[in-house]
Amino acid sequence: QEIPSLAGMKWAEDFGDRAFTRTHVSDYNGTDWERDILWMKGSCLIVVDTVALKREADYDVRCLWRTLGGVELNDEGLRVQQEGVFFRICNADDSVKTLETEHSRIADQPAYGAYPHADDPIRILKQRKELHGKPGEVVRYFNLMVAGEASDVDLWRIQRISEDAVRVTAPDGPFVFG
């Protein structure tokens, strides 16, 4: 089945120092996919992807993140560097993580045109879960994203504490989301 070109917006709300969104893609390859984003302005994003399985089948569920710059995948997640600024994606689920390279789709053309902070190639963090699923089962991906100085981004941690909640350890103290 072809990937839908648009996702639907279920809700979005701005609370000043925080904002929330929920988007969805319904009935795609036997699943309903929702993405919740918590933006804690000035500090981090937490992205929770919830994939509800609609039929009994073998599933190969993937969550992909594309980036440019110097990348390193380790036990703590993906670390990206662009002109002295660092970005991390920390993951709190049991998905298999791999790092792949995507080359420009147009020969001799940079994928992001005149992006001034990093060059090609595009690097893809692939988070993958393979399973035999049944209707009503849910697959979740929990990702924490932070940017800034290397010493700042390395202080952040995310830990899954239940099926649908995570504990985030931030430089100014821990909090729970879910």
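The values are calculated or read from the model by the stated rules, or taken from the named source; none is laboratory data. Just so you know, these numbers come straight off a predicted model, no measurement behind them. Cβ coordinates were reconstructed from backbone atoms using ideal geometry, including for glycine residues, and neighbour counts include every protein chain displayed. Side chains are part of the model used for accessible areas, which takes the heavy atoms of the whole protein and leaves out ligands, DNA and RNA. Shrake-Rupley method; radii C 1.70, N 1.55, O 1.52, S 1.80 Å.
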Q: Residues being touching a Phe, Trp or Tyr at 6+ places or on another chain (Cβ under 9 Å), at pLDDT 95 or above and within 17 Å of GLU100 (Cα to Cα): count how many of those fall in region 21-76.
A: 2
Q) Just wondering, is there one or more residues in region 93-114 that are hydrophobic (A, V, I, L, M, F, W, C), touching a residue at least 40 places away in the same chain (Cβ under 8 Å), closer than 20 Å to ASP49 by Cβ and part of a strand (DSSP E or B)? A) no
Q: Go through (1) surrounded by 13 or more Cβ atoms within 10 Å (Cβ to Cβ); (2) touching a residue at least 60 places away in the same chain (Cβ under 8 Å) one by one and return the number of the condition ARG55 breaks.
A: (1)
Q) So ASP49 fits all but one of (1) in contact with a Leu (Cβ under 8 Å, 6 or more places away or on another chain); (2) crowded, with 16+ Cβ neighbours inside 10 Å; (3) charged (D, E, K, R); what number is the exception? A) (1)
**Q.** Residue list for region 152-175, restricted to those being outside any strand (DSSP E or B) and either farther than 13 Å from MET40 by Cβ or among the hydrophobic types (A, V, I, L, M, F, W, C) (or both)
**A.** ASP152, VAL153, ASP154, LEU155, TRP156, GLU163, ASP164
Q: Quickly run through region 97-137 and pick out the residues that are open to solvent by 80 Å² or more (accessible area, probe 1.4 Å) and under 18 Å from the mean Cα position of the chain (by Cα).
A: GLU130
Q) How about region 60-74: which of its residues are open to solvent by 20 Å² or more (accessible area, probe 1.4 Å) and part of a strand (DSSP E or B)? A) ASP60, ARG62, LEU64, TRP65, ARG66, THR67, GLY70, VAL71, GLU72, LEU73, ASN74
Q) Hey, among ASP93, ASP14, which residue is modelled with pLDDT under 95, within 26 Å of ASP152 (Cα to Cα), in contact with a Phe, Trp or Tyr (Cβ under 9 Å, 6 or more places away or on another chain) and not hydrophobic (A, V, I, L, M, F, W, C)? A) ASP93
